[in-house]
Amino acid sequence: MLSDWIPTLATVVALVSASPAMPAEPIVIAHRGASGYLPEHTLPAYALAFGQGADYLEPDLVLTKDGVFICLHDIHLEATTDVEQVFSERKRADGRWYAADFTLEEIRSLRAHERLEDRFPQDAPGFVVPTFEELLEMVRGLERTTGRRVGVYPELKAPAWHRQQGLPMEERFLELVRRHGYQGRDATIFVQCFELETLERLRALGSELPQIMLFGGEEHDPLATEAGLDRVARFANGIGPSKDRVVADPELVARAHARSLLVHPYTFRADRLEGYPTFDAELARFYVELRVDGLFTDFPDLAVQFLAKRGLR
Ligand code: G3P
Ligand code: CA
């Protein structure tokens, strides 16, 4: 019906204010690369995601002892590398191996592996922890050889903790991305963080890069209110809520859109369906019914195919 296509005022505002970095069409964000198929946070997983048509590649970022950004989800190394075997004596008193205690050269000597036992074989050789710069250089190379652009969607992990360790992230991060050409509000990047202070600090440092405020547990509930979203809109271009939060509070999407904030929920996993008969049914709920602007998925190929089938890309 034609009336189904009449946009709301909030949608019009969002479309008018959309920039190339904030596309009006829903996007596919490759969560830790195509991590449903290859070990998360490895260059092969990111390359596959690019080949599968993802719009953005998502790395989580932590710092090494010598201040290098690496693509890693945890501040610890043991869930996705063989650090326990290689550096058995280097754990802290709490029994954990922290990336911030190892130089890049040391981390390079580790074998990276998939986190989840039922995915890519965890004993497979040949994978290493990449630096963020290596990912950016691969992106540039793929863009040159294929002629297709792809965005990056880095998440600064635990900035307050890193600062306590003497490794502040924000200035170092801005210097790096500027050096790689990411500057201004139209850059093909979304900078995401669970810590509001970091996104505010990046703005105070002069960054105009698109920013996404991640919403996790109840500590972020105050930001999901009308007043909270007003505050978020002052330093961010969108929100990244857990998909459970969106299901529990579907009006969150409209409240965000009313402030021209994009909504990119996480994380969509075809091999871990919860409450949906098929992955397409889950994607339809979010992309079509809830009208989110993009989503994080371990299976970017399936989200790309879904959007194509629905005429949404
Ligand atoms: O960054 C969005 C989503 O990835 C947040 O969860 O734990 O996978 O980084 P996590
Ligand atoms: Ca993340």
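The values are calculated or read from the model by the stated rules, or taken from the named source; none is laboratory data. These numbers come from a predicted model, not from an experiment. Cβ placement follows ideal geometry from the backbone for every residue including glycine, while neighbour counts extend to all protein chains displayed. Just so you know, the surface numbers come from the protein's heavy atoms only, side chains and all, with ligands and any DNA or RNA stripped out. Shrake-Rupley method; radii C 1.70, N 1.55, O 1.52, S 1.80 Å.
In the stretch 150-162, the residues that are without any contact (Cβ under 8 Å) to a residue 60 or more places away in the chain and more than 9 Å from ligand 2 (Cβ to nearest atom) form Cβ pairs under 8 Å with partners that are open to solvent by less than 10 Å² (accessible area, probe 1.4 Å) and part of a helix (DSSP H, G or I), at six or more places apart or across chains, as follows: PRO159/GLU170; PRO159/THR198; ALA160/THR198.
Only one entry in GLU114, GLU78 is within 16 Å of ligand 1 (Cβ to nearest atom) and open to solvent by less than 40 Å² (accessible area, probe 1.4 Å), namely GLU114. For the stretch 254-285, what are the residues that are surrounded by fewer than 17 Cβ atoms within 10 Å (Cβ to Cβ), small (Gly, Ala, Ser) and touching a residue at least 12 places away in the same chain (Cβ under 8 Å)? Within the stretch 254-285, ALA254, ALA284 qualify.
Scanning the stretch 53-74 for residues that are closer than 21 Å to ASP298 by Cβ and within 16 Å of ligand 1 (Cβ to nearest atom) yields a count of 14. Within the stretch 129-174, if we keep just the residues that are farther than 19 Å from HIS73 by Cβ and of a type in the set (Gly, Ala, Ser), the residue that is nearest to ligand 1 (Cβ to nearest atom) turns out to be GLY151. The residue pairs whose first member lies in the stretch 212-237 and is among the small types (Gly, Ala, Ser), whose second member is loosely packed, with under 12 Cβ neighbours inside 10 Å and not in a strand (DSSP E or B), and whose beta carbons are closer than 7 Å, counting only pairs six or more residues apart or on different chains, are GLY228/PRO222. Could you grab me the full set of residues in the stretch 24-57 that are in a strand (DSSP E or B) and away from ligand 2 (no atom under 14 Å from the Cβ)? Matches in the stretch 24-57: ILE27, VAL28. Whether a residue is more than 19 Å from LEU142 (Cβ to Cβ), modelled with pLDDT under 95, surrounded by 18 or more Cβ atoms within 10 Å (Cβ to Cβ) and away from ligand 2 (no atom under 14 Å from the Cβ) was assessed, and MET1 does not pass this test.
Cβ-Cβ distances below 9 Å connect the following pairs, each with a first residue in the stretch 174-202 that is hydrophobic (A, V, I, L, M, F, W, C), a second residue that is open to solvent by 40 Å² or more (accessible area, probe 1.4 Å) and in a helix (DSSP H, G or I), and a separation of six or more residues or different chains: LEU176/GLU133; PHE194/GLU219; LEU196/ARG231. Of the strands (runs of 3 or more DSSP E) lying entirely inside the stretch 159-253, none contains at least 3 residues that are surrounded by fewer than 19 Cβ atoms within 10 Å (Cβ to Cβ), hydrophobic (A, V, I, L, M, F, W, C) and touching a strand residue (DSSP E or B) at 6+ places or on another chain (Cβ under 6 Å). Checked against (1) open to solvent by less than 10 Å² (accessible area, probe 1.4 Å); (2) farther than 28 Å from ASP271 by Cα, GLY151 passes all but a single condition, namely (2). Of the residues that sit in the stretch 58-72 and are of a type in the set (A, V, I, L, M) and either in a strand (DSSP E or B) or within 14 Å of the chain's Cα centre (by Cα) (or both), which one is nearest to MET138 (Cα to Cα)? My answer is ILE70.
Taking the criterion of being in contact with a Lys or Arg (Cβ under 9 Å, 6 or more places away or on another chain) and open to solvent by 10 Å² or more (accessible area, probe 1.4 Å), the residues of the stretch 51-67 that qualify are GLY53, ASP55, GLY67. Note on the stretch 220-237: residues that are within 14 Å of ligand 1 (Cβ to nearest atom) and over 26 Å from THR188 (Cβ atoms) total 1.
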